[in-house]
Amino acid sequence: MIRRRRRRLARPLRWGDLRDALWCSAGLHAVGLFALTLLILPRSSLVGFGPLDTTIGWAGDDTELVAPIDTTVAEPIEHESDQSDDTVPVVEPTPKPQTEVPVPREPVSTEPSGWSELQGRRARAGGGSGELTITLGWDTDCDVDLHVRGPHGVHGYYRQRETAIGLLDIDCNSRFPVAEPLENFFAARAIPGTYVIQVQRYRSRNGGQPVQFTVGVSVFGERRLFTGELDTEREITVATFRVAGHHVTWSGSP
């Protein structure tokens, strides 16, 4: 006996079925949004405050997240200056003037003309020197004498060679002529006071002809050279100077 299956006819769509479908779809959307929120929240926490930065890469749980560095320079905040009469002005430091370094120059020679020749003759004769040195030179066979009159009436010459103001250590042509005649008077320390230098032709050996002479004086390194002529046997004054401390003042000339 053959049974035939009855064909079920399709049930018409009801409002209840549509409502159930909508609720099911809403539920699925809610679950999806919740899952998406769980994924986004850890990413947004790296950015800090503010809206979510969608430029951050995402490659899974094992990938390190690196947030971009904000290179925007903040604008300076302008404050209104509270200016008043009590404001202390800022004084700029005054630059120090630049001091020019002096350029060393060649020393200026203060040696009188003929000084080296006279002092060379003194050195060859073995004459001494000191703070005060007086040298007399001439070029004849005559006997010419040097006289130095110093403080307290002291007189240094051929008859009183060693004195309180100095020593006459060379006296030429007194007995016989020499090739380079001279007389030399010196003191290691120059005693303060007034000095007078005189020259005398003591004995003539040239038939009474005038005698040319040169006197070199050095006081504390200051040098003077005097020249003159002797035509008689009297003394003539060559120079006068005064010593005070380490300073010398000159007055008088031949």
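For segment 195-231, what are the residues that are among the hydroxyl-bearing types (Ser, Thr, Tyr) and touching a strand residue (DSSP E or B) at 6+ places or on another chain (Cβ under 7 Å)?
Tyr195, Tyr202, Thr214, Ser218, Thr227, listed by residue number.
What's the number of the only condition in (1) in contact with a Cys (Cβ under 6 Å, 6 or more places away or on another chain); (2) surrounded by 20 or more Cβ atoms within 10 Å (Cβ to Cβ); (3) more than 14 Å from Gly137 (Cβ to Cβ); (4) not hydroxyl-bearing (Ser, Thr, Tyr) that Arg205 fails to meet?
Result: Arg205 fails condition (2) only.
Looking at (1) among the aromatic types (Phe, Trp, Tyr); (2) crowded, with 23+ Cβ neighbours inside 10 Å; (3) more than 21 Å from Ser116 (Cβ to Cβ), which is the only condition Phe213 fails?
(3)
Looking only at residues in segment 148-160 that are of a type outside the set (S, T, N, Q) and over 51 Å from the mean Cα position of the chain (by Cα), which one is farthest from Asn173 (Cα to Cα)?
In this case the residue turns out to be Gly153.
If you go through segment 162-174 one residue at a time, do you hit one that is in contact with a Ser or Thr (Cβ under 6 Å, 6 or more places away or on another chain), surrounded by fewer than 21 Cβ atoms within 10 Å (Cβ to Cβ) and of a type in the set (Val, Ile, Thr)?
no
Look at segment 122-142 and say how many of its residues are under 10 Å from Ile170 (Cβ atoms) and touching a residue at least 60 places away in the same chain (Cβ under 8 Å).
Counting residues in segment 122-142 that are under 10 Å from Ile170 (Cβ atoms) and touching a residue at least 60 places away in the same chain (Cβ under 8 Å) gives 3.
Specify which of the listed residues (Val196, Val144, Val178) is farther than 24 Å from Glu117 by Cβ and either outside any loop (DSSP other than H, G, I, E, B) or out of contact with any Ser or Thr (no Cβ under 6 Å at 6 or more places or on another chain) (or both). Break it down stepwise before answering.
Working: Val144 fails: farther than 24 Å from Glu117 by Cβ; Val178 fails: farther than 24 Å from Glu117 by Cβ.
Exactly one of Val196, Val144, Val178 is farther than 24 Å from Glu117 by Cβ and either outside any loop (DSSP other than H, G, I, E, B) or out of contact with any Ser or Thr (no Cβ under 6 Å at 6 or more places or on another chain) (or both), namely Val196.
Would you tally the residues in segment 231-254 being crowded, with 18+ Cβ neighbours inside 10 Å, over 18 Å from Gly114 (Cα atoms) and in contact with a Ser or Thr (Cβ under 9 Å, 6 or more places away or on another chain)?
2
Taking the options Arg223, Arg201, name whichever one is touching a residue at least 60 places away in the same chain (Cβ under 8 Å), of a type in the set (D, E, K, R) and assigned to a strand (DSSP E or B). Can you show your working first?
Numbers: Arg201 fails: touching a residue at least 60 places away in the same chain (Cβ under 8 Å).
Unique residue meeting the criteria: Arg223.
Since every read-out is calculated from the coordinates, none of them should be taken as a lab result. Please read these numbers as outputs of a predicted model, since none were measured by experiment. Backbone-built Cβ (ideal geometry, glycine too); neighbour counts: all protein chains shown.
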